[in-house]
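Notes to accompany the following structure.
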Amino acid sequence: MSVVGAAPAASPTWTEAFGETRPALYLQATYPDAQGKAQTLEFWRDASGRVVRRTGGRSELHLTPSKDGEDLYQLRNLLSRTAYDVHRVNLFRVGVFTDRWSVQHLLDRPVGPSVLTRMARGEQTAAGRCEWWRVAAGVKVSEVCWSTRYGLPLLLKSGGHTVLSVQQVKPLGSFPAAAVPKDWQEYDADEDLAPD
């Protein structure tokens, strides 16, 4: 029963909807590439908030959080055996507006205003139970099946298509090595991006 003249319920904040939970874990998921072919995503997250995300067996993103907020990102090309180091402030200089929370939770937090709506359904997936949320940010609308247990989406949909499907989540075993292998080339992208 609705009350005449009652104001609509306010959209929850991002933290109210998705929280800050980030237990240490490992997961495997699939996502469609540009041709619609299923590719594998592997994701490691430890208790300190470090993340390694391996995409399609071709690239890795390493996140090392920093207390001053200037997190270190390293992009590794597994095929060419090259690694590029860059701090968050310099990512912004080239128009990459990622943030720590988004990388640690496998969900891009909108930069501008957004409207979050809890949908009246949950789902039991291969990786566990999740609850559906609708995220509207400007003209972009996506649906997120969020697991509060893992602090991650277990399913992501955009435009009616599944763009991420988590197949399994396990407790974190070993974490990928932080050191770049000796036979690789490592570049400091900060040197090129930082202002003179």
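General observations
- The lone exception for ARG54 - which of (1) in contact with a Gly (Cβ under 7 Å, 6 or more places away or on another chain); (2) under 22 Å from LYS157 (Cα atoms); (3) open to solvent by 30 Å² or more (accessible area, probe 1.4 Å) it fails: (1)
- Sole exception among (1) in contact (Cβ under 8 Å) with a residue 40 or more places away in the chain; (2) open to solvent by less than 30 Å² (accessible area, probe 1.4 Å); (3) in contact with a strand residue (DSSP E or B) (Cβ under 6 Å, 6 or more places away or on another chain) for SER147, by number: (1)
This table checks each residue for (1) open to solvent by 60 Å² or more (accessible area, probe 1.4 Å); (2) touching a residue at least 40 places away in the same chain (Cβ under 8 Å); (3) within 18 Å of THR162 (Cβ to Cβ); (4) in contact with a strand residue (DSSP E or B) (Cβ under 6 Å, 6 or more places away or on another chain).
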| residue | (1), (2), (3), (4) |
| --- | --- |
| ALA38 | yes, no, yes, yes |
| LEU63 | no, yes, no, yes |
| GLY69 | no, no, no, no |
| VAL103 | no, yes, no, yes |
| ASP108 | yes, no, yes, no |
| ARG121 | yes, no, yes, yes |
| LYS140 | yes, no, yes, no |
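- Evaluation of ARG134 against (1) modelled with pLDDT under 90; (2) open to solvent by 60 Å² or more (accessible area, probe 1.4 Å); (3) not in a helix (DSSP H, G or I); (4) not polar (S, T, N, Q) (one fails), failing number: (1)
- Residues located in the stretch 16-36, provided they are open to solvent by 70 Å² or more (accessible area, probe 1.4 Å) and either in contact with a helix residue (DSSP H, G or I) (Cβ under 6 Å, 6 or more places away or on another chain) or of a type outside the set (A, V, I, L, M, F, W, C) (or both): GLU16, GLU20, ARG22, GLN35
- Selection from the stretch 11-36 of residues that are at positive phi and without any contact (Cβ under 8 Å) to a residue 12 or more places away in the chain: GLY36
- Residue in the stretch 86-99 that is free of Cβ contacts under 8 Å to residues at least 12 places away in the same chain, open to solvent by less than 50 Å² (accessible area, probe 1.4 Å) and out of contact with any strand residue (DSSP E or B) (no Cβ under 9 Å at 6 or more places or on another chain) present: yes
The values are calculated or read from the model by the stated rules, or taken from the named source; none is laboratory data. Note that the structure is predicted; figures quoted are calculated from it, not measured. Every residue, glycine among them, receives a Cβ derived from its backbone with ideal geometry; neighbour counts consider all protein chains shown. For accessibility, only protein heavy atoms count, side chains too; no ligands or nucleic acids. Shrake-Rupley method; radii C 1.70, N 1.55, O 1.52, S 1.80 Å.
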